[in-house]
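Q: Sharing a structure with you now.
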2 protein chains.
Amino acid sequence: MSDDEQRGGGAGSAHRAGGLLGDLQAADERPVAPRRRADAERNRAQILAAAERLFAEQDPRSVTMDRIAKAAGVGRATLYRSFADPSSVAVALLDEHERRLQGQLVHGPPPLGPGAPPDERLAAFYLAMLDLLERHLPLALGAETGPARFRTGAYGFWRVHVRTLLVDHGVEDPDPLTDIALSPLSPELFQFQRRELGLSVERVGRSLTSFARQLLRSGNAV
Amino acid sequence: MSDDEQRGGGAGSAHRAGGLLGDLQAADERPVAPRRRADAERNRAQILAAAERLFAEQDPRSVTMDRIAKAAGVGRATLYRSFADPSSVAVALLDEHERRLQGQLVHGPPPLGPGAPPDERLAAFYLAMLDLLERHLPLALGAETGPARFRTGAYGFWRVHVRTLLVDHGVEDPDPLTDIALSPLSPELFQFQRRELGLSVERVGRSLTSFARQLLRSGNAV
DNA sequence: GAATAAGTGGACACCTTGTCCACTTGGCGT
DNA sequence: ACGCCAAGTGGACAAGGTGTCCACTTATTC
């Protein structure tokens, strides 16, 4: 991603929708795209850096376009040229961090990558996501407003991955179950468990691990 | 609830926090409370009626205090006297609908009420919640902004219920698993499954049913 | 080193938010 | 009955956010 918003300009959102695995380390220069100007590139970097700071410092929901622009030292139009709203900025930022995990799921060693049985892969995926959430919770929360996280390309990726695991395991009707299996990873929920309930990451992780095993019990399709 | 916000006035939120089962058909007149005036009661009813209409008509997220006030034909201060923000209004509205289910979970016949094995009760609970979501999705979505649904009294109720089922089943560490078991009921997720994926309520329901059985397999603590 | 189109910044008009205060009105005591 | 007075009311207010627009600046191309 990180290329998708570059012409977001006006109103609509420009999230990656379909092509997943294709552009993991995708081409940077398509023959068609006119390429960004140097100052635009610089501004984009400033925006992302400033936004990451803002999301971490204050309530991620209260980060506004206005403040991102001011913090980055650019005008509002410049910011709107790249991103439609604050959550788009958070999505772009999160995406950078999620890429690594996405690569590992597809090409990495087991149990995260291919090779291990589905229940172990699911458990490993849960733990990796928990780690991601723990490290980048403000961004994950900031990315959750508006059309919600289900519309992001990243969610589509996780969906494809989990659905594959379910199919590998021989689940009867994988589609509804895919999102059910992903629902415990909601950033809002994670924040609630950590902050309000005071649960440790490890404790949540252990629960998710046995949850994964229970869900994909070997030799027992749901 | 429907008593909790009556003096919400200023800033904080006045959600029911702890005492669950206690006030199911609770006292309406405490000896202490000075009781509401007739015009206030009338206005409150107008507000709720207007709000229910607004939430159903437009994007639940775009319902503002200003518009609720105008639609109800009352001033802004009047509205703020009862509710802190639009999602509080949605919560109050939802609460009325949720009361019935809450009563059934505690006093009703099995499998919803006591008497059936935990996995059947969980499955029945899922189906009942799905029905609730299907019928009042706009309200559920409208109630989800801000401090999110985890803070509402209703969520606390579902938590207690599900946790009890998990404990009855002999689950090892019920606390983290409670919220995990509740996470598939997120209104946002439900909307995504219905509208974007085009899944029928029945299909989601079947998945949740087998999910419940898988989670609470008889004779097999997680 | 000019041409040109992408990129920029700030101003604009509009909307929402909470709060405040002068006023109205319902309910209680006599 | 009736008048008191606090609960209840409505609209005004300032602060601040949103998207868009347009005249200007500047990197790249020829």
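Q: Expressed in nm², what is the orientationally averaged projection area of the convex hull enclosing the Cα positions of segment A:113-161? Could the numbers behind the result be given before it?
A: Numbers: hull surface 14.8 nm².
Value for segment A:113-161: 3.7 nm².
Q: Find, among the GluC sites (Glu not before Pro) in segment A:132-222, those assigned to loop by DSSP (not H, G, I, E, B) with at most 15 other beta-carbon atoms within 10 angstrom. All intermediate terms of the calculation are to be shown ahead of the outcome.
A: Working: sites: A:134, A:144, A:172, A:188, A:196, A:202; in loops: A:144, A:172.
Within segment A:132-222, the qualifying GluC sites (Glu not before Pro) (loop, at most 15 other Cβ atoms within 10 Å) are A:172.
Q: Here is a further query. Measuring from a point 7 Å out along Cα→Cβ, what nm distances, shortest first, does residue B:168 have to its partners in the other copies?
A: 3.6
Q: For segment B:141-210, just the Cα atoms, rotate onto the principal axes and tell me the three extents in Å, largest first.
A: So the three principal-axis extents are 36, 32, 15 Å.
Q: Mind checking the log10 I(q)/I(0) for segment B:58-217 at q = 0.10 Å⁻¹? Debye, one equal scatterer per Cα, no solvent, two decimals.
A: Each listed q maps to, in turn, -0.41.
Q: How much accessible area is lost when chains A and B come together, counting both sides, with a 1.4 Å probe, in Å² rounded to the nearest 100?
A: Numbers: alone 11750 and 11750 Å², together 20440 Å².
Adding both sides of the contact gives about 3100 Å².
Q: OK, next. How many nanometers, to one decimal and shortest first, lie between the label point of residue B:38 and those of its other copies, if labels sit 7 Å from Cα toward Cβ?
A: With the label placed 7 Å along Cα→Cβ, residue B:38 yields 7.9 nm.
Q: So which residue of B has the beta-carbon closest to the axis that swings B onto A, and how many whole Å away?
A: Measuring from each Cβ to the axis, the minimum is at B:183, 2.
The values are calculated or read from the model by the stated rules, or taken from the named source; none is laboratory data. None of the values given here were measured: they were computed from a predicted structure. For neighbour counting, all protein chains shown are included, and Cβ atoms are generated from backbone atoms with ideal geometry for every residue, glycine included. These accessible areas exclude ligands, DNA and RNA; they are computed on the full protein's heavy atoms, side chains included. Shrake-Rupley method; radii C 1.70, N 1.55, O 1.52, S 1.80 Å.
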